[in-house]
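The values are calculated or read from the model by the stated rules, or taken from the named source; none is laboratory data. These numbers were taken from a predicted model, which means no experiment stands behind them. Virtual Cβ from ideal backbone geometry, glycine too; neighbours counted across all protein chains shown. Quick note on the areas: whole protein, heavy atoms, side chains included, nothing else; ligands and nucleic acids left out. Shrake-Rupley method; radii C 1.70, N 1.55, O 1.52, S 1.80 Å.
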Amino acid sequence: MKNNWCKKVLCLAMVVSCLMTALPQTAIAVNDDTESIGQPSSEISEDLLILSEDEQQTEEQPEESEDSEEVEATEQETDTEDQQVEGRFVTSQGMTRFRLKGGGYAVGMLEIEGQLYYFYEEDNRMAQQEWISLDGSRYYASEEGPLVTGKQTIDGQDYFFGTDGVLWTEGWHKLEEGWMYLDRTGSFVTGWYQEGNSWYYLDEQGYMLSNEWVEWKGKWYYLKESGKMAASEWVSWKGNWYYVSGSGIMQANTTLTIKGRKWYFDQYGRLSVTSEHPIDVPVVLQAPALPNGCEITALTELIQFYGFSVSHTTMSAKYLPRAKLTWSGGKLYGPDPYDYFVGNPEDDTGWYCLEGAIMTAANRYLSEQGSSLRAKAVSGADLEELKEYLRQGIPVMVWMTPGLQEFGYSSVRWTLPDGSTYKPYIGTHALVLTSINEEKGIATFSDPARGKTTQQLSFFLRIYRAMGRRAVIIQ
């Protein structure tokens, strides 16, 4: 009996030992400060409960790296399945590199997730917050690494980089917002910039100004459509005329003589045409050479105003279309005064001519001179239109009556080439309108018969309207 009992005890101990040996190690925990969990017996060896030091190191050791520095590196996985490259950024000892999925590290220019990076060949380091020179081009890597694009401020200086990261080089560059100029360092030019004999102005953002005025040191300058500063020329802006000097400065509150003509500019620099400052149309007197040639003489005043040197007698003899009145079968036949001067302006047989003949004479001469200017009829122009021409510095040739004579028709009649009967005016006179002052109720003229003259505005308008608002300008 005793032997049987001992055999049973021995078998039970062997079963317990086997069970303890079969228990998984992860089911047993050891803690110095607390009671062991699941420890069935204090007689069991600690070797069965605690992993060996070598086993712990094997469990915690990451996959072996080609570079021992990666053991303590911070690795950032980059999901680049849909991008050009796959891999991860690895940062260690203050350097960031890009570990390629297939092994090795990125070198040179690389696009990762739509952004460009640069990695140095000698140590695979990613460029950060620094300039890069490569194949004659310059780049700048941001603090985070991607190469910058577009407009950037670096160390207080503005630069512009293309979408490929390349720093734009010296010269003009067209952006969506306008033109910019970059100097040799790739910095934006602001303020005045000289190129050859031309000056440009670029605002504080670096964009070239055009079609606008800029104030600089209390003076105003105009930048034309090309961006070039206007100099020694007229400037048309928002319906007004201005004049700038050779240094580009707007002239204001002054009277200037420009190409022999006097012009007055108000305090804002605008050309001002008033009865005190009428358009300076030269006076050409018709007498004694052309006693009935007021129309061709008034035209000569206009032509001389635009800088041409020609006499009224030359204009009359060489360029004015003429036709005579003739009797036939007891009837008087003649031309239409709109197209021809009727008779001879040099003697008492002369009548007059209207817009068509004047335009023909003017354009024959201007064409012969190679000028782009042309005479055109603006007949029908009302008071406001006349004022607008004058405000723009354009004198207007108009048809009136001589002196204070009222408008009327002659008793003479003649037959036109088309068979109709023409009823001529009596006492016609042509002169050049140089200013209108509604406040004072006066108009000024350059009169071929009397020189510089002034008339009541109301009288002028009444006769002008009665004669069909006939007017010619040169543009």
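Pairs from the list Lys217/Lys262; Lys101/Lys151; Lys238/Lys387; Lys224/Lys259; Lys224/Lys376 with a Cα-Cα gap above 25 Å: Lys217/Lys262; Lys101/Lys151; Lys224/Lys376.
The listed residues Met95, Met109, Met180, once ranked by accessible area (1.4 Å probe) with the largest placed first, stand as Met109, Met95, Met180.
Solvent-accessible surface of region 86-181, averaged per residue with a 1.4 angstrom probe and all protein chains in place: 54 square angstrom. Averaged over its residues, region 185-308 has an accessible area of 48 Å² per residue, based on protein heavy atoms and a 1.4 Å probe. Amide H contacts of Asp280 (H built 1.01 Å from N, in plane; Pro and chain starts excluded): Lys262 sit under 5 Å, all sequence-distant by 5 or more or on other chains. If you plug the beta carbon distance of Thr254 and Glu385 into 1/(1 + (r/R0)^6) with R0 = 30 Å, you get a FRET efficiency near 0.60. Solvent exposure of region 356-475, expressed per residue, is 43 Å² of accessible area, with all protein chains present and a 1.4 angstrom probe. For the pair region 276-290 and region 316-388, the centres of their Cα atoms are 19 angstrom apart. The spacing between region 227-262 and region 135-191, judged by their C-alpha centroids, is 37 Å. The portion of the accessible surface of region 334-390 made up by carbon and sulfur, rounded to a whole percent, is 43 (1.4 Å probe; DNA, RNA and ligands excluded). Scoring 188-196, 438-446, 426-434, 254-262 by mean Cβ neighbours within 10 Å over their residues and listing the highest first yields 426-434, 438-446, 188-196, 254-262.
For region 275-292, backbone phi angles converted through the Karplus equation (6.51, -1.76, 1.60; θ = phi - 60°) give residue-by-residue couplings of 5, 7, 10, x, 5, 7, 7, x, 8, 10, 8, 6, 7, x, 5, 10, x, 10 Hz, Gly and Pro being listed as x.
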